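Asker: For reference, the structure I am asking about is given below.
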Amino acid sequence: MAGEIDEAIERADREAFTRQPPKTLQARINFLMKQLKTTKAVAQEIGVSQRSVERYRTGERKQPPRAIAERIDAAVRGRWQPQVRKRRQKRAATTGGITVETRARFGYTAPVGTTDDGRFRRLTVHLPPHYAQRLFDARQAGAGDQQLRQIIAEGLKEIYFQDGGARAMGLSDVTLNDIDYLDLDY
């Protein structure tokens, strides 16, 4: 199951599409055939038999069960316009940065005499490119949702809580918990 951060990156990637993916079942299966080359590979990817793929491809079957339709949709969207995605991610990681919009409970470790009670905050913060690069690299390496959250929390600590070194210097650990929603834009 994909984590919240992974899903937010996928949503941001979908926003980059310059053309919409195929809409009909037959067109989607044909697109997957072009990408994966064989009916066997497509069948394995979406979890059906080769014969079912052939039926979808010819139009003999037009309405797969919802779970299979969702797997087909995910397989198509995951392969759609990879160059557009790469170009957009590269720009975010080198010059543009990444904008995080979230409502979540933030917890942190602070010096004695200050409050370290976690509380819900709604934040929209633009993180510099090196955080985008770390996030994309970690995701590519198969990092879990907790690791991706930590990268975003470190960025929020530096940019929002410490204002780039101008305040809250004693703040050590910031955690991102109980995410109500999280959206990324780059």
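Asker: Starting from the 7 Å offset along Cα-to-Cβ, what nm value, one decimal, do you get for the label separation of TYR181 and ASP145?
Answerer: It works out to 1.7 nm between the two label points.
Asker: Taking Cα atoms, how many degrees apart are the long axis of helix 82-91 and the longest axis of the chain, rounded to 10 and kept between 0 and 90?
Answerer: Computed tilt is about 10 degrees.
Asker: For segment 9-104, give the magnitude of the charge dipole about the Cα centre (Cβ charges: +1 Lys/Arg, -1 Asp/Glu; no others), in debye to the nearest 20.
Answerer: Using only the charged Cβ atoms, the result is roughly 260 debye.
Asker: Further question: Kindly provide the helix-only [θ] at 222 nm of the chain, computed as the sum of -39,500 (n - 2.57) over DSSP H runs of four or more divided by all residues, to the nearest 500 deg cm²/dmol?
Answerer: Calculated at 222 nm, the ellipticity per residue is -14500 deg cm²/dmol.
Asker: List the lysines whose alpha-carbon lies under 18 Å from that of LYS23, not counting same-chain residues fewer than 8 positions away?
Answerer: Within the straight-line cut-off, LYS23 pairs with LYS34, LYS62.
Asker: Quick query: amide H of ILE179 versus all other amide H atoms, modeled in the peptide plane; which residues come in under 5 Å with a sequence gap of 5 or more or a different chain?
Answerer: For ILE179, whose amide H was placed from the backbone, the distant partners under 5 Å are ARG105.
Asker: For segment 121-131, just list the computed ³J(HN,Hα) in residue order, Karplus coefficients 6.51, -1.76 and 1.60, θ = phi - 60°, integers in Hz, with x standing in for Gly and Pro.
Answerer: Computed from phi, the couplings for segment 121-131 are 9, 10, 10, 10, 10, 8, 9, x, x, 5, 6 Hz.
Asker: Give a residue-ordered list of calculated ³J(HN,Hα) values for segment 141-150 (Karplus: 6.51 cos²θ - 1.76 cosθ + 1.60, θ = phi - 60°; whole Hz; x for Gly, Pro).
Answerer: 3J(HN,Hα) across segment 141-150, in whole Hz: 7, x, 4, x, 4, 5, 5, 5, 4, 5.
Asker: Show the residues, 5+ positions off or on another chain, whose built amide H is closer than 5 Å to the amide H of ASP173.
Answerer: For ASP173, the qualifying residues are THR109.
Asker: Roughly speaking, to the nearest percent, how much of the chain's 1.4 Å accessible area is carbon and sulfur?
Answerer: Answer for the chain is 47 percent, counting heavy atoms of protein chains only.
Asker: Rolling a 1.4 angstrom probe over the protein heavy atoms, how many square angstrom per residue are accessible across segment 1-153?
Answerer: Heavy-atom accessible area per residue stands at 58 Å².
The values are calculated or read from the model by the stated rules, or taken from the named source; none is laboratory data. Please read these numbers as outputs of a predicted model, since none were measured by experiment. Reconstructed Cβ throughout: ideal geometry from the backbone, glycine too, with neighbour counts over all protein chains shown. Ligands, DNA and RNA are excluded from the accessible area calculation, which covers all protein heavy atoms including side chains. Shrake-Rupley method; radii C 1.70, N 1.55, O 1.52, S 1.80 Å.
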